[in-house]
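The next block holds one structure in the form of structure tokens; read it before the comments.
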Amino acid sequence: MRAWPGRPRPLGDTWDGEGVNFALYSARASAVELNLFDRPGAAQPSHRFPMTQSPDGVWHAYLPDARPGCLYGYRVDGPYAPEEGHRFNRHKLLLDPYARAVAGKVRWRDEVFGYRVGDPAADLSFDGRDSAGFVPKGMVVDPAFTWGDDRPPGTPWDRTVIYECHVRGMTMRHPGVPERLRGTYLGLASEPVLDHLVDLGVTAVELLPVHQFIGDRRLSSLNLSNYWGYNPVAYFAPHAAYATAGEGQQVGEFKSMVRALHRAGLEVIVDVVYNHTGEGDRFGPTLSLRGIDNAAYYRLDPQDRRHLQDFTGTGNSLNVVHPRAMGLVMDSLRYWVTDMHVDGFRFDLAPVLARGVGGSSSAFLEIVRHDPVLATVKLIAEPWDAGPDGYRLGRFPEGWAEWNGAYRDCVRRFWRGDPGQVPELASRLTGSSDLFEHTGRGTYASVNFVTCHDGFTLTDLVSYERRHNEANGEGNADGTPDDLSRNWGAEGPSDAVRIERMRDRMRRNLLTTLMCSQGVRMLLGGDELGRTQLGNNNAYCQDNAVSWVDWELDEGAAELTAFVCQLAGIVAGNPILRRRRFFTGAVPPGSQRKDVTWVRADGEEMGEDDWADPDNRTLGMLLNGRSVDEVDDRGRRERGAMLVLYLHAGTRSRSCTLPRVGGGGRWQELVNTARPSRFPRDVRTPAVHLAAQSCLLLRRAE
């Protein structure tokens, strides 16, 4: 085998049917060597090839005899000058940041040489020992795949219901999934799981990180793992552990999963972590970008370039203001859309990507939304990070949706009984225009959620008032200290019927509020089954039954699942619950333009005194569907009905006079969280009974 001159484009490994081209960017390197290996854990290469540098800093080589399955890594030589931000070391084998597949795993030197965590000697960039036997290798893959007639579902924002889940945790305990497929991409695409998701009424799955990621030394020493996956090392490679085998199958199996989800009408949204990598701070391992071109790919402290700027709490931040780092992210995003067919992205700690130099804003957000490939997919930001001015909810541009943490907190406070929540709750129910309208965005900008992977599950939210994270090995000091939760009488599981009934009602209250709020709805996977993490609100390292979804459906789980299905059906069948924009301002008397009227228990419109009363724990929302026309799936134009939603967090029941709306028709009770029923009930009286701490949704069809 001999090296040809090669091509500087595209970056990464490219199989052209005859050989493989390798290309790597490193402007400050003095030499780059391509190493080939016989197996993932090999400590010595089978072949070495010097690479040629092009004028723009790209090193390249072409191997005419190389084939898919070839294992490789790079050695990059150059100045080791930490004070200048350079950490080149020819002893370190480096993973290609553009590798489409990764084989093998990191073996921590602590385990081999007895280094202590945090000891500078444990930093792989400081010692002269060869690292090839301790790091994973890139693997060349054949990109060919039979997609057939696959096409994106293209679900509009106003019809989107997101289901956030973990590839592994979703199926590890599913009795209907073949054992060899549990915890894999193919397991998630299996018929029992697809049937459940479709029946549930969700339209998209949002997967926790699937880019190749690593654990860390501390967790390894505690026999724990980085379960969530927020520790990436390869932005093009699907995580190998989620495949039935890690020998390149991960690429084809991920594509098979996407194809199956699309056939079921479900979009695939990927949680992406472009804000940092798994290399950690300056004492972390040198695995890839640090040894390739540290100063280009990471944000360095301008006062001391030995240190990294850290806006993530993980030790480093990716330097997206540098053209090459920006190019890496953009190339990765386009690859996952064009080659892997994903439908959208949720950007972890997105403000990191929006940070420019010296407090300015970077162009990243605008570049992404105007990119011709990315302009057609869903873009969702987690609008906070660990840096200064890091809470940026409502400050992303048009075209971006955001996780609405203000929605989560307000709804939790209201239902646990906090005073003075009604005014803010009204805004959260109608799309949070106070947060998003100034940027020209409608209700789609608000991704509403009550629970997500980060925090309590829905069941734990109504069962625990304190975190119980002892199993994480951090002295119960990790995770948020206040989840705005309430245990309703006992901490954790209870045999008291009264307590369990109240918890069941509260779960229904929270779900009803979420599904009847304007905006994009997001459910946490397993909440519909009553999943518990036993009070752990930061289960990032629990790759076990604590985090895995329990599919053993007892009567309570089956009833809760049916209730979520019922709510999803109501949302799908009532256009007024899916408005792209919501008008709540003053209108002339008799006008049909106003979308919502806030009503009291006596049926009259709320006044200033009602809004100002901190002890008011009841809110009635009358939705005017008469002005809403929508074309249904058969092309028929349907008229929207009127809905009234009562949210009552008070501890005493009360009678509510139904609002006088005129016209024909009569009211039907669709949802009553105090007495759930799968079938509507006709209301034949002008007033209804509103039980303590309950929701009531009624529909008036003409």
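The values are calculated or read from the model by the stated rules, or taken from the named source; none is laboratory data. All figures in this text were calculated on a predicted structure; none of them were measured in a lab. Positions of Cβ are backbone-derived with ideal geometry, glycine not excepted, and every protein chain shown enters the neighbour counts.
What number of residues within region 283-319 satisfy the criterion of being in a loop (DSSP other than H, G, I, E, B), closer than 18 Å to His211 by Cα and hydrophobic (A, V, I, L, M, F, W, C)?
Going through region 283-319 one residue at a time, the tally reaches 1.
Among (1) farther than 16 Å from Gly519 by Cα; (2) crowded, with 20+ Cβ neighbours inside 10 Å, which single condition is Trp384 missing?
Every listed condition holds for Trp384 apart from (2).
Within region 642-664, track down each residue that is in a loop (DSSP other than H, G, I, E, B), more than 39 Å from the chain's Cα centre (by Cα) and either hydroxyl-bearing (Ser, Thr, Tyr) or exposed (fewer than 13 other Cβ atoms within 10 Å of the Cβ) (or both).
First, the residues of region 642-664 that are in a loop (DSSP other than H, G, I, E, B): 649-653, 658-664.
Then keep just the ones that are more than 39 Å from the chain's Cα centre (by Cα); that gives 658-664.
Residues satisfying the conditions are Arg660, Gly662, Gly663, Gly664.
Looking at Asp13, Asp65, which one is surrounded by 18 or more Cβ atoms within 10 Å (Cβ to Cβ) and within 14 Å of Val140 (Cβ to Cβ)? Let's see the steps before the verdict.
Values: Asp65 fails: surrounded by 18 or more Cβ atoms within 10 Å (Cβ to Cβ).
Result of the check over Asp13, Asp65: Asp13.
What is the number of the single condition among (1) in a loop (DSSP other than H, G, I, E, B); (2) surrounded by fewer than 23 Cβ atoms within 10 Å (Cβ to Cβ) that Leu349 does not meet?
It fails just one condition, (2).
Residues that are surrounded by fewer than 21 Cβ atoms within 10 Å (Cβ to Cβ): which helices (runs of 4 or more DSSP H) entirely in region 135-207 hold 1 or more of them? Working first, answer last.
Working: elements: 167-171, 185-188, 191-200.
Fully inside region 135-207 and qualifying: 191-200.
Just wondering, is there one or more residues in region 401-422 that are within 21 Å of the chain's Cα centre (by Cα), assigned to a strand (DSSP E or B), hydrophobic (A, V, I, L, M, F, W, C) and farther than 19 Å from Arg521 by Cβ?
So far as region 401-422 goes, no, none of its residues is within 21 Å of the chain's Cα centre (by Cα), assigned to a strand (DSSP E or B), hydrophobic (A, V, I, L, M, F, W, C) and farther than 19 Å from Arg521 by Cβ.
Within region 435-466, how many residues turn out to be assigned to a loop (DSSP other than H, G, I, E, B) and under 20 Å from Leu510 (Cα atoms)?
Taking region 435-466 and keeping what is assigned to a loop (DSSP other than H, G, I, E, B), we get 440-442, 449-457, 462-466.
Going one step further and asking which of them are under 20 Å from Leu510 (Cα atoms), we end up with 449-457, 462-466.
So the count comes out to 14.
Within the set of pairs 6+ apart or on separate chains, which have a first residue in region 364-389 that is under 12 Å from Gly344 (Cα atoms), a second that is loosely packed, with under 15 Cβ neighbours inside 10 Å and small (Gly, Ala, Ser), and C-beta atoms under 7 Å apart?
Correct list of pairs: Arg369/Ala375.
Ile292: at pLDDT 95 or above, under 16 Å from Gly85 (Cβ atoms) and either touching a helix residue (DSSP H, G or I) at 6+ places or on another chain (Cβ under 6 Å) or not aromatic (Phe, Trp, Tyr) (or both), yes or no? Spell out how you get there, then give the answer.
Values: at pLDDT 95 or above: yes; under 16 Å from Gly85 (Cβ atoms): yes; either touching a helix residue (DSSP H, G or I) at 6+ places or on another chain (Cβ under 6 Å) or not aromatic (Phe, Trp, Tyr) (or both): yes.
So Ile292 passes the test.
Restrict the check to region 69-84 and report whether at least one residue is within 32 Å of the chain's Cα centre (by Cα), under 25 Å from His211 (Cα atoms) and of a type in the set (A, V, I, L, M, F, W, C).
yes
I'd like the residue in region 485-515 that is under 22 Å from the mean Cα position of the chain (by Cα) and among the hydrophobic types (A, V, I, L, M, F, W, C) and, out of all such residues, is farthest from Arg412 (Cα to Cα).
Selected residue: Met515.
Any idea which of (1) farther than 26 Å from Leu670 by Cβ; (2) modelled with pLDDT of 95 or more is the one Thr561 doesn't satisfy?
Only one criterion in (1) farther than 26 Å from Leu670 by Cβ; (2) modelled with pLDDT of 95 or more is unmet by Thr561, namely (1).
Taking interchain pairs and intrachain pairs at least six residues apart, which have beta carbon atoms under 6 angstrom, with the first residue in region 510-538 and modelled with pLDDT under 95 and the second among the hydroxyl-bearing types (Ser, Thr, Tyr) and crowded, with 24+ Cβ neighbours inside 10 Å?
Listed by first residue and then by second, the contacts come to nothing, as the list is empty.
Looking only at residues that are closer than 17 Å to Arg218 by Cα and of a type in the set (D, E, K, R) in region 464-480, which one is surrounded by the most Cβ atoms within 10 Å (Cβ to Cβ)?
Across region 464-480, the extreme among qualifying residues is Asp478.
Residues being touching a residue at least 24 places away in the same chain (Cβ under 8 Å), within 17 Å of Arg67 (Cα to Cα) and in a strand (DSSP E or B): count how many of those fall in region 2-25.
Number of matching residues: 8.
How many of the residues in region 461-506 are free of Cβ contacts under 8 Å to residues at least 60 places away in the same chain and at positive phi? Give the steps one after another, and end with the answer.
To start, the set of residues in region 461-506 that are free of Cβ contacts under 8 Å to residues at least 60 places away in the same chain comprises 461-462, 465, 470, 474-477, 479-482, 487-501, 503-504.
Now drop any that are not at positive phi, which leaves 475-476, 479, 488-489, 492.
Of the residues in that region, 6 qualify.
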